[in-house]
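Structure first, then comments.
The values are calculated or read from the model by the stated rules, or taken from the named source; none is laboratory data. What you are looking at is a predicted structure, and each value in this text was computed from that prediction instead of being measured. Cβ: placed from backbone, ideal geometry, glycine included. Neighbour counts: every protein chain shown.
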Amino acid sequence: MKRVVQAVVSIAVVWAIYSLRANVWFRLYPVMVVACVLCAFAASLCRTPLVEVFARRMGERLDGRGVAYCRNVTRAWVAFLTAHLAVTVATVFMSYEAWALYNGCIAYVLMGLMFAGEWIVRRRVRRA
């Protein structure tokens, strides 16, 4: 699976370089960052989910229910990052202004909303 992802990403990068030629590295930087983060979150689902690692490092004591919650939150981040990656790739082919607006503002607002939404859900789950 890992090699397939690497091959697909490599082909996409080479194709984008060939197609765009100018400013491609600059525009592809957010794509590479999101792809790396997505791969880290997705790969962690095969072992200890990253959200569980983060929670334990923050001193959380997790029972079976907490571990399951962390796995589900990691899955939610994988889904979010997949959609985010698709939009980030699409912006590479748009105007510079659209690329800058999404990658310089909208993406951060969406990530902030994801963090805030998870924090609200976590507080409700803890009360239950």
Give, as residue ranges, the helices (runs of 4 or more DSSP H) completely inside the range 10-108 that count at least 1 residues that are polar (S, T, N, Q) and within 28 Å of residue 126 (Cα to Cα). 24-44, 64-92
What number goes with the only condition from (1) over 15 Å from residue 90 (Cα atoms); (2) among the hydrophobic types (A, V, I, L, M, F, W, C); (3) in contact with a helix residue (DSSP H, G or I) (Cβ under 9 Å, 6 or more places away or on another chain) that residue 8 does not pass? (3)
Among the listed residues 29, 18, identify the single one that is loosely packed, with under 11 Cβ neighbours inside 10 Å, of a type in the set (Phe, Trp, Tyr) and closer than 24 Å to residue 103 by Cβ. 18
Which residues, counting only those in the range 67-110, are within 26 Å of residue 52 (Cβ to Cβ), at pLDDT 95 or above, touching a helix residue (DSSP H, G or I) at 6+ places or on another chain (Cβ under 8 Å) and among the aromatic types (Phe, Trp, Tyr)? 77, 80
Would you mind stating whether residue 124 is exposed (fewer than 14 other Cβ atoms within 10 Å of the Cβ) and either outside any helix (DSSP H, G or I) or not β-branched (Val, Ile, Thr) (or both)? yes
Residue set 4, 31, 37; condition modelled with pLDDT under 90 and either touching a strand residue (DSSP E or B) at 6+ places or on another chain (Cβ under 8 Å) or of a type outside the set (Gly, Ala, Ser) (or both); output residue 4
Selection status of residue 35, surrounded by 13 or more Cβ atoms within 10 Å (Cβ to Cβ) and in contact (Cβ under 8 Å) with a residue 12 or more places away in the chain: yes
So which of 112, 117, 104, 66 ends up being without any contact (Cβ under 8 Å) to a residue 24 or more places away in the chain, within 16 Å of residue 31 (Cβ to Cβ) and not charged (D, E, K, R)? 104
